[in-house]
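Notes follow once the structure below has been shown.
The values are calculated or read from the model by the stated rules, or taken from the named source; none is laboratory data. These numbers were taken from a predicted model, which means no experiment stands behind them. When we count neighbours, we look across all protein chains shown, and the Cβ atoms used for this are built from the backbone with ideal geometry, even at glycine. Keep in mind that these areas ignore ligands, DNA and RNA; they rest on the heavy atoms of the full protein, side chains included. Shrake-Rupley method; radii C 1.70, N 1.55, O 1.52, S 1.80 Å.
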There are 2 protein chains.
Amino acid sequence: MKKDPTATRTKIMNAAKTLILDNGFGGTTVDAVIERAGVSKGAFFHHFSSKAELGHILVKRYAENDAQHLDETLDKAEELSDDPLQQLLIFVKLFEQEMRSLEDPFPGCLYASYIHQSELFDDRIKELIRESMLKWRIRVKAKLEEVVENHPPKQEVDLESLADMLLVIFEGAFVLSQSLKEAKTVAQQLAHYHTYLQLLFEEKG
Amino acid sequence: MKKDPTATRTKIMNAAKTLILDNGFGGTTVDAVIERAGVSKGAFFHHFSSKAELGHILVKRYAENDAQHLDETLDKAEELSDDPLQQLLIFVKLFEQEMRSLEDPFPGCLYASYIHQSELFDDRIKELIRESMLKWRIRVKAKLEEVVENHPPKQEVDLESLADMLLVIFEGAFVLSQSLKEAKTVAQQLAHYHTYLQLLFEEKG
DNA sequence: ATTATAATACCGACTAGTTGGTATGTTATA
DNA sequence: TATAACATACCAACTAGTCGGTATTATAAT
């Protein structure tokens with residue numbers, strides 16, 4: 001019987017994440033988490049002082065991965081072109097490809113799960129989610145500001161909300177994908193965002 | 001102290017709806033509902049055989065209102081123009097105006113709330129939500145098919161997912177609006193959908 | 001109109017089971 | 001052998017739901 005504290009911790013967190021995405025935080029019990037993780041109650045409360053703390057640490061880990069994913073994808077897009085518009089279009093395409101490769105509907109976004117039960121969480125957690133979402137706004141908006149320097153939009157648009165639209169489409173498409181049980185939804189919606197950006201900024205040939 | 005069963009029932013349902021949108025179904029207790037509604041436990045279980053039944057009836061009422069709202073708004077738009085494209089653009093604008101008139105972030109969508117705790121609900125409820133969402137797809141897609149007859153799209157697009165995009169934007173914008181505490185988000189995002197449709201289908205002057 | 005009858009609407013203490021969390025013990029590892 | 005990493009038994013608070021009873025309203029015969 002060997003012990004691996006980091007593995008135990010991870011098992012608990014992964015089990016909790018899955019359960020929370022299916023049942024929500026309020027609908028997820030500690031007993032259910034430890035059963036799925038295959039650990040004892042003692043182990044759980046050894047690693048986490050409370051269910052609330054688990055909720056906090058879980059979304060913190062999620063936010064870190066999310067921010068990293070955002071940065072990496074944008075970096076990758078920037079390497080593949082010099083033109084800001086092309087970079088942005090590639091950026092969206094990379095997400096689209098990623099989502100198109102999924103066979104099942106995306107399991108869901110922890111931010112959205114928490115937001116839909118926001119009164120169960122304290123302000124620190126809500127602020128963390130807010131700032132994580134703002135990172136998307138900031139990075140995409142900055143890129144959009146580069147874009148408009150050389151590609152005047154065909155119609156007057158607000159760049160901040162246009163930047164937000166990417167995350168809006170992610171979150172909305174996750175919901176529809178889950179409800180309609182259609183895995184392709186997210187990729188399709190990202191494709192529309194891609195087309196929208198093209199129509200707005202690409203010069204006619 | 002006079003009795004009004006319909007009023008009691010409504011008070012319970014409204015209280016439950018608010019609490020569920022804030023805490024989720026799993027995070028909402030019957031005690032919390034009856035306290036907010038100002039009724040006794042006996043009254044609650046006189047009107048609803050279980051918490052689960054309340055959840056079912058609640059989303060049924062919500063779906064009925066939603067379908068009616070969809071129909072009414074589309075009817076209104078169809079009265080204001082003869083051209084399918086203009087009808088569609090007006091349709092979106094009507095929602096945009098409605099959302100712009102809100103001072104606080106929209107309290108949220110019950111469909112999304114349920115979907116984010118889908119394992120707490122039986123298949124009947126999930127099917128009801130699915131069909132409610134498909135109503136949006138069907139009606140908007142039908143209108144889009146009218147549109148393309150006279151207005152060829154500037155880029156090739158899939159009409160079904162373009163129809164879905166309206167609901168996607170609603171759901172996604174609700175999440176961001178709530179998290180960022182910005183009431184204007186939903187209207188702004190609908191405006192982008194409006195612009196996208198214009199760029200896709202409107203002839204250049 | 002009045003009153004007997006019955007049905008509905010409602011109350012709140014109670015219960016069986018569940019919840020998050022703790023106390024105390026056992027096992028592995030440094 | 002000291003400490004971290006677990007396991008087990010347990011607890012107090014809370015949970016959905018019940019139950020015996022009361023108040024109000026509807027019905028209908030007088």
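B:Asp83 label point (Cα plus 7 Å toward Cβ) to equivalent points in the other copies: 3.1 nm, shortest first.
In the stretch A:47-104, what trypsin sites (Lys or Arg not before Pro) fall in a loop by DSSP, with at most 10 other Cβ atoms inside 10 Å? Working shown, then result.
Numbers: sites: A:Lys51, A:Lys60, A:Arg61, A:Lys76, A:Lys93, A:Arg100; in loops: none.
Filter output for the stretch A:47-104: empty list.
Scale the Cα Rg of the stretch A:92-137 by the rule-of-thumb value 2.2 N^0.38 Å and send over the ratio, two decimals. List each step's numbers first, then the result.
Numbers: Rg = 13.6 Å, N = 46, 2.2 N^0.38 = 9.4 Å.
For the stretch A:92-137, the normalised Cα radius of gyration comes out at 1.44.
Nonpolar atom fraction for the stretch B:1-48, defined as the carbon and sulfur part of the 1.4 Å probe accessible area, stands at 53 percent. Along its three principal directions, the equivalent ellipsoid of the stretch A:51-201 from the Cα gyration tensor extends over semi-axes of 28, 18, 14 Å, largest first.
Rounded to the nearest 100, the interface formed by chains A and B buries 4500 square angstrom of accessible surface, both chains summed, with a 1.4 Å probe. For the stretch B:4-50, a reduction of at least 50 Å² in accessible area between the chain on its own and the assembled protein chains (probe 1.4 Å) is found at B:Asp22, B:Asn23.
Test of understanding: what is the full-extension gain from B:Val148 to B:Thr6, defined as 0.36 nm times their sequence separation minus their Cα-Cα distance? The partial results should precede the final answer.
Details: separation 142, 0.36 × 142 = 51.12 nm, distance 4.71 nm.
Using 0.36 nm per residue and subtracting the Cα-Cα distance, I get 46.4 nm.
Counting only helical runs of four or more DSSP H residues, what would the 222 nm mean residue ellipticity of chain B come to if each run contributes -39,500 (n - 2.57) and the total is spread over all its residues? Present the calculation step by step, with values, prior to reporting the outcome.
Details: 9 runs with 154 residues, N = 205.
After summing the helix terms and dividing by the residues of chain B, the value is -25000 deg cm²/dmol.
Can you give me the % of accessible surface on the stretch B:72-167 that is carbon or sulfur? Probe 1.4 Å, all protein chains present, nothing else counted.
Working: 2130 of 4590 Å².
For the stretch B:72-167, the apolar C and S fraction of the accessible surface comes to 46 percent.
Output the DSSP H helices from chain B with an along-axis C-alpha extent of no less than 15 Å and a mean Kyte-Doolittle hydropathy no less than -1.0.
Those that pass (Cα extent of 15 Å or more, hydropathy at least -1.0) are B:5-23, B:51-80, B:84-100, B:123-150, B:159-180, B:185-201.
Average partner chain C-beta neighbours within 10 Å, per residue of B:173-186?
Values: counts 8, 7, 15, 15, 3, 7, 15, 7, 2, 2, 0, 2, 3, 1.
Shielding by partners across B:173-186 averages 6.
Placing +1 on each Lys and Arg Cβ and -1 on each Asp and Glu Cβ, with no other charges, gives the protein assembly as shown a dipole about its Cα centre of roughly 2020 debye.
Protein heavy-atom accessible surface, 1.4 Å probe, per residue over the stretch A:113-205: 38 Å². At q = 0.13, 0.19 Å⁻¹, what is the base-10 log of I(q)/I(0) for the stretch A:1-48 according to the Debye formula with one equal point scatterer per Cα and no solvent? Please give it to two decimals. Evaluating at q = 0.13, 0.19 Å⁻¹ gives log10 I(q)/I(0) of -0.26, -0.53.
Output the residues of the stretch A:115-131 meeting this criterion: accessible area (heavy atoms, 1.4 Å probe) in the chain alone minus accessible area with all protein chains in place is 30 Å² or greater. Residues of the stretch A:115-131 that lose at least 30 Å² of accessible area once the other chains are added: A:Ile115, A:His116, A:Gln117, A:Glu119, A:Leu120, A:Arg130. Each copy carries a label point for A:Glu35 at 7 Å from Cα along the beta-carbon vector; from one copy to the others these points are 2.8 nm apart, nearest first.
Each copy carries a label point for B:Glu145 at 7 Å from Cα toward Cβ; from one copy, the others' points are 4.6 nm away, ordered from shortest.
Rolling a 1.4 Å sphere over the protein heavy atoms, what is the accessible area per residue of the stretch B:1-48, to the nearest Å²?
On the way: 2720 Å² over 48 residues.
Accessible area per residue, the stretch B:1-48: 57 Å².
Compute the FRET efficiency between B:Glu72 and A:Glu53 as 1/(1 + (r/R0)^6), taking r as their Cβ-Cβ distance and R0 = 60 Å, and round to the nearest 0.05. Calculated value: 0.80.
Provide Rg over Rh for the stretch A:114-205; use the alpha carbon set for both Rg and the Kirkwood Rh (inverse mean inverse pair distance).
A ratio of 1.06.
So if R0 is 22 Å, what FRET efficiency would A:Thr29 and A:Leu102 give, r being the distance between their Cβ atoms, rounded to the nearest 0.05? Efficiency, from the Cβ-Cβ distance: 0.15.
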